[in-house]
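Below is one structure; the comments refer to it alone.
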Amino acid sequence: MNADHPHLRNVAIIGSGPAGLTAALYAARANLNPLLIEGLEAGGQLMMTTAVDNFPGFEDGIMGPDLMAAMRKQAERFGAETRTGNVLSVDLSDRPFVITTAEETLRTRALIIATGASARMLGLPSERALVGHGVSTCATCDGFFFRGKPIAVVGGGDSALEEATFLTRFASHVTVIHRRDTLRASKIMQDKAFANPKISFEWDTEVLEVRNPAQGLVSSVHLQNLRTGVRKDLEIEGLFVAIGHTPNTDLFKHQLEMTDMGYLITREGTKTSLPGVFACGDVQDHVYRQAITAAGSGCMAAIDAERYLEALGH
């Protein structure tokens, strides 16, 4: 923080998932005194995950919220400052950049964006109640837990068929539930899924309810055929929702270069289209979307920001 301007920071980080917290750790160790602004739903998508078994260094696994708490404490130990509150607006047309929250207005010489992406959900209360208890949005993260069990995947795009195909390594059977009678996925992904004897399809069908929240586990899904109106139960032990992700980039529309899907475009590491603004984690990565890759890109963003400030003489 600058003594002459108490609200001027060297580095501000928006977002508190693995990317944001790793960026805070590295920026703090570089003596940049970073400020991390976490939203009201601090910790990112891992806060909805129970056991994380694929983060290196935890041979017995670790609970998602516990991993986030440990990363946060580590960043704070080296001097990172965290504040809770939603960012209302970011003005990148001025320098230093201006960040407005409900509580205050801040200025920063460098900005690291780690706002992540939100998995699209079906919007069912029963689905929300069972996230982390049989309902998942990440086959790579949670597929292992469903070894030998029947499961279902909701969706009809490439990501849905990719997850369904991946899950056949573990599940006894995978049912793909799709609202239409044709898939949006590429032909090569469709051919692969249709040829897999462990995958079957429920066409023109939507999920009305996930059962059984009272027991704290998934026992079945209640389905309705949209053409016939016929309802039925499908007995499964896991439900994977693969209807896409929405990057949290509304704050930066018309200010930074984005893909058609709304992901921030980065080049030469984590540099966005505006010097001094860096992006890391799921807000710019729609391919890997893992805690470890997000953390790695958070490290890169902090190093990129440090070099940017050093070149300016700060």
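Quick notes
- In segment 57-136, counting only strands (runs of 3 or more DSSP E) that sit wholly within it, the ones holding 3 or more residues that are under 30 Å from L167 (Cβ atoms) span 117-119.
- Applying a threshold of 7 Å to beta carbon distances and a minimum spacing of six or more residues, or different chains, the list of pairs starting in segment 167-184 at a residue that is assigned by TED's automatic domain parsing to the domain that holds I151 and ending at one that is among the aromatic types (F, W, Y) and at pLDDT below 95 reads F170/F144.
- S126 being out of contact with any strand residue (DSSP E or B) (no Cβ under 7 Å at 6 or more places or on another chain) and of a type outside the set (A, V, I, L, M, F, W, C): no
- Tally of residues being under 10 Å from T165 (Cα atoms) and surrounded by fewer than 16 Cβ atoms within 10 Å (Cβ to Cβ) across segment 183-193: 0
- Restricting R231, R184 to residues that are farther than 20 Å from P150 by Cα and of a type outside the set (A, V, I, L, M) narrows the list to R184.
- Consider segment 83-99 and keep the residues that are at pLDDT 95 or above and hydroxyl-bearing (S, T, Y). The one that is nearest to G281 (Cα to Cα) is S89.
- Some residue of segment 254-267 being in contact with a Gly (Cβ under 7 Å, 6 or more places away or on another chain), in the same structural domain as N54 (by TED's automatic domain parsing) and under 19 Å from F97 (Cβ atoms): no
- Qualifying residue in segment 207-216 (condition: outside the structural domain of A302 (by TED's automatic domain parsing) and under 23 Å from R289 (Cβ atoms)): yes
Here is a yes/no grid of residues against (1) modelled with pLDDT under 95; (2) out of contact with any strand residue (DSSP E or B) (no Cβ under 6 Å at 6 or more places or on another chain):
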site	(1), (2)
N212	yes, yes
V221	no, no
K232	no, no
G276	no, no
A279	no, no
Q290	yes, yes
T293	no, yes
G298	no, yes
A301	no, no
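- Pick from segment 189-229, criterion hydroxyl-bearing (S, T, Y) and touching a Leu at 6+ places or on another chain (Cβ under 8 Å), ranking: nearest to G157 (Cα to Cα): T205
- Residue tally, condition part of a helix (DSSP H, G or I) and either more than 22 Å from the chain's Cα centre (by Cα) or free of Cβ contacts under 8 Å to residues at least 40 places away in the same chain (or both), over segment 265-302: 2
- Checked against (1) within 25 Å of the chain's Cα centre (by Cα); (2) within 18 Å of L122 (Cβ to Cβ); (3) not in a strand (DSSP E or B), R180 passes all but condition (1).
- Enumeration of residues in segment 140-166 that are outside any loop (DSSP other than H, G, I, E, B), closer than 21 Å to K187 by Cβ and of a type in the set (G, A, S): S159, A160, A164
- Only a single item in (1) surrounded by fewer than 15 Cβ atoms within 10 Å (Cβ to Cβ); (2) more than 25 Å from R227 (Cα to Cα); (3) modelled with pLDDT of 95 or more is not met by L208, and it is number (2).
- Among (1) within 15 Å of P150 (Cα to Cα); (2) surrounded by 15 or more Cβ atoms within 10 Å (Cβ to Cβ); (3) not acidic (D, E), the one test that Q224 misses: (1)
- Considering residues of segment 155-198 that are touching a His at 6+ places or on another chain (Cβ under 8 Å) and not basic (K, R) only, the residue farthest from T228 (Cα to Cα): A160
- Selection status of L35, over 26 Å from H286 (Cβ atoms), surrounded by 18 or more Cβ atoms within 10 Å (Cβ to Cβ), at pLDDT 95 or above and under 23 Å from the mean Cα position of the chain (by Cα): yes
- At least 3 residues being under 26 Å from T182 (Cβ atoms) is the threshold, and among the strands (runs of 3 or more DSSP E) wholly inside segment 220-262 those reaching it are 220-225, 231-235, 238-241.
- For segment 108-117, the criterion of being in contact with a Lys or Arg (Cβ under 6 Å, 6 or more places away or on another chain), surrounded by 14 or more Cβ atoms within 10 Å (Cβ to Cβ) and in contact (Cβ under 8 Å) with a residue 60 or more places away in the chain is met by at least one residue.
The values are calculated or read from the model by the stated rules, or taken from the named source; none is laboratory data. Owing to the predicted nature of the structure, the values given are computational and were not obtained by experimental measurement. Because the Cβ atoms are built from the backbone with ideal geometry, glycine has one as well, and the counts that use them run over all protein chains shown.
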